[in-house]
Amino acid sequence: LDPEEVAAAVLGVARACREIGAALLGGETAELPDLFAPGEFDLVGFGVGAVEEERKISSHAACEGDILIGLGSSGFHSNGFSLVRRIIREQNIDLTQEYGLGEPLSALLLRPTMLYGPMLSEELGAGRIRALSHITGGGIPGNVPRMLAAGTGARLDQTAWEVPGVMAW
């Protein structure tokens, strides 16, 4: 492993931890030359947290009259890249091209993931958030119902948000 690349990766993780008020407690570097070509590496992390029982957010807690608020995405996140890689491979997409997006596709795909914790911490701390839903592969229809109380539906205004350019493309 290139020590400068390792240092840059650790600095990036440390910066992200500071942004969300988390501690970077340690790590391990595994060199796997039989799996990775020179210059390639795998970076994995996990987080652990604690919350008082009465402040715990559970699924299926949003009730009639609650307001649903969507936070804009900074682009594709972890799980979305499986589909992105497949599309790039199957469609033979050139990552150096802009495709009318204003910058090369590679730059858009490599943009860091937005850290949502800082946006939510004040509301979470005040107990004003009853439920959360991470919109993943199932999109809004597959994920919003997981936060709704039994027998509750949601009415969403699809004109209230703009699909990020790279996702609309």
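Some notes on this structure:
- Residue within region 79-86 that is assigned to a loop (DSSP other than H, G, I, E, B), among the charged types (D, E, K, R) and either at pLDDT 85 or above or touching a helix residue (DSSP H, G or I) at 6+ places or on another chain (Cβ under 8 Å) (or both) present: no
- For region 71-92, a tally of residues being of a type outside the set (A, V, I, L, M, F, W, C), without any contact (Cβ under 8 Å) to a residue 40 or more places away in the chain and more than 12 Å from T136 (Cβ to Cβ) returns 6.
- Residue list for region 154-169, restricted to those being modelled with pLDDT under 85 and among the acidic types (D, E): E162
- Restricting G21, G80, G49 to residues that are under 22 Å from the mean Cα position of the chain (by Cα) and surrounded by 12 or more Cβ atoms within 10 Å (Cβ to Cβ) narrows the list to G80.
- Selection of first residues in region 127-144 that are closer than 21 Å to S74 by Cβ and free of Cβ contacts under 8 Å to residues at least 12 places away in the same chain and of second residues that are among the polar types (S, T, N, Q) and not in a helix (DSSP H, G or I), restricted to Cβ pairs under 7 Å at least 6 apart or on distinct chains, gives the following pairs, ordered by first then second residue: N143/S133; N143/T136.
- Top-ranked residue of region 137-154 - restricted to ones that are among the small types (G, A, S) and either at negative phi or in contact with an Asp or Glu (Cβ under 7 Å, 6 or more places away or on another chain) (or both), ranked as surrounded by the fewest Cβ atoms within 10 Å (Cβ to Cβ): A150
- Per the conditions (1) in a loop (DSSP other than H, G, I, E, B); (2) more than 22 Å from P118 (Cβ to Cβ); (3) modelled with pLDDT of 85 or more, the sole criterion not satisfied by V44 is (3).
- Taken together, G26, G75, G70 contain a single residue that is farther than 25 Å from P145 by Cα, part of a loop (DSSP other than H, G, I, E, B) and not aliphatic (A, V, I, L, M), which is G26.
- Residue match in region 18-29 (condition: farther than 25 Å from Y116 by Cα and not assigned by TED's automatic domain parsing to the domain that holds S121): yes
- Checked across region 19-42, the condition of being under 26 Å from T136 (Cα atoms), touching a residue at least 60 places away in the same chain (Cβ under 8 Å), among the β-branched types (V, I, T) and touching a Pro at 6+ places or on another chain (Cβ under 8 Å) holds for at least one residue.
- Test result for L71, assigned by TED's automatic domain parsing to the domain that holds A126 and under 23 Å from E122 (Cα atoms): yes
The values are calculated or read from the model by the stated rules, or taken from the named source; none is laboratory data. Quick caveat, the model's predicted, so the values are computed rather than measured. Ideal geometry is used to build each Cβ from the backbone, glycine not excepted, and the neighbour counts take in all protein chains shown.
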